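Participant: First the structure, which I've put down as structure tokens, then a few questions once you've had a look.
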Amino acid sequence: MLAQPVETIDREDRLLGAGDEHNLERFLAAQGDGTLLMLSNLRTAGLIDRGEFYQGTYAARLWDGAVSGVVGHFWNGMALLQANEGLGPLLELAVGGSGRRLSGFYGPAEQVAAAKRTLGLAGSDIRHDSLERLYALDLAQLARPNPLADGEVRCRRPRSSELELLMNWRVAMSVEVLGAKDTAETHAESKASVQAHFDGRSVWVLERRGRLVSTCSVIGQTERAVQIGGVWTPEALRGRGFARAVVAGALAEARRTGHDRACLISANPAAERAYRALGFAALSEVGLVLLNGER
């Protein structure tokens, strides 16, 4: 009797390039809300990496040609993780392929912990290390805060004359929340980020009696979902519901333009109470690590 041939499954780790878009998108879309940032970057900038905004180098593990895990190393030095197996080799491959320094990484909590072990990071290597919760909301369930509903405050896109204030707010947020130093580099990075969101019509402000009191940005989006980030209210104006109102205003516009789902991350108890009041529910834990210096 002839022996039956043994079926083999081919595994391959490699950098992705033109022609791999559909394969990667199918994998990311199947992972749920946690991959919205990477999926948004892919759809915005594709797989060719010239170091421009939203572009990245993607390293993937493929089984029989299908993507089963990926690490993307992006224009700003951040690595986004979505690889339950082979994380270490994929992280090394992505960073080596991009030729950029690694400034930090973000992804499911257990994968962020694995990346820290893989890199052998000491405390002095890290300037920010947080365990955050991923929240999601079906926009049909969005609650509209009273100050927004009764016209006490107004959510709108900023004017060009307001960019300097938003850049200063971004520096303050980076220093207070993300452990950055108030340096020329931090100011330059903040200016570039705010300008990119302004040009992309993805930054929002809350106005009260002619004064800006809070801001947020849409930091990622697909045809159906948006991810909110960069939520900031100056310290002297906190505790009045402004952050909740600016997020609600941005999401109301997202719903009007055809989006039906939103997500965001938070590790701040006060902010989380505000997001739950809007209807958000916690889904899972994610990690965010930012590094000191270059690696």
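The values are calculated or read from the model by the stated rules, or taken from the named source; none is laboratory data. Every value quoted in this text rests on a predicted model; they were computed, and no experiment measured them. Backbone-built Cβ (ideal geometry, glycine too); neighbour counts: all protein chains shown. The accessibility values were calculated without ligands, DNA or RNA, using every heavy atom of the protein model including side chains. Shrake-Rupley method; radii C 1.70, N 1.55, O 1.52, S 1.80 Å.
Participant: When both residues are 6+ apart or on different chains and their Cβ atoms are under 6 Å apart, which pairs have a first residue that lies in the range 29-54 and is among the β-branched types (Val, Ile, Thr), and a second that is open to solvent by less than 10 Å² (accessible area, probe 1.4 Å)?
Facilitator: Close Cβ pairs satisfying both conditions: 35/28.
Participant: Looking at (1) exposed (fewer than 14 other Cβ atoms within 10 Å of the Cβ); (2) of a type in the set (Gly, Ala, Ser); (3) closer than 29 Å to residue 84 by Cβ; (4) at pLDDT 95 or above, which is the only condition residue 160 fails?
Facilitator: Looking at each condition in turn, residue 160 falls short on (3).
Participant: Looking for whichever is in contact with a Gly (Cβ under 7 Å, 6 or more places away or on another chain), closer than 21 Å to residue 221 by Cβ and of a type outside the set (Val, Ile, Thr) here; the options are 33, 49. Which one fits?
Facilitator: 49
Participant: Can you tell me which residues in the range 163-215 are among the small types (Gly, Ala, Ser) and either open to solvent by less than 40 Å² (accessible area, probe 1.4 Å) or under 21 Å from the mean Cα position of the chain (by Cα) (or both)?
Facilitator: 172, 174, 179, 180, 188, 190, 192, 193, 196, 200, 202, 214
Participant: Look at the range 145-157 and say how many of its residues are at pLDDT below 95 and surrounded by fewer than 16 Cβ atoms within 10 Å (Cβ to Cβ).
Facilitator: Initially, the range 145-157 is screened for residues at pLDDT below 95, giving 145-152.
From what's left, surrounded by fewer than 16 Cβ atoms within 10 Å (Cβ to Cβ): 146, 149-152.
The number of residues fulfilling the criteria is 5.
Participant: Based on this model, can you work out whether residue 23 counts as within 20 Å of the chain's Cα centre (by Cα), outside any strand (DSSP E or B) and over 20 Å from residue 113 (Cα atoms)?
Facilitator: No.
Participant: Let me ask another. What are the residues in the range 27-60 that are of a type outside the set (Gly, Ala, Ser) and not in a helix (DSSP H, G or I), if any? First the steps, then the outcome.
Facilitator: Quick first cut of the range 27-60, residues of a type outside the set (Gly, Ala, Ser) only: 27-28, 31, 33, 35-39, 41-44, 47-50, 52-55, 57-58.
Listed by number, the residues that qualify are 31, 47, 48, 49, 50, 52, 53, 54, 55, 57, 58.
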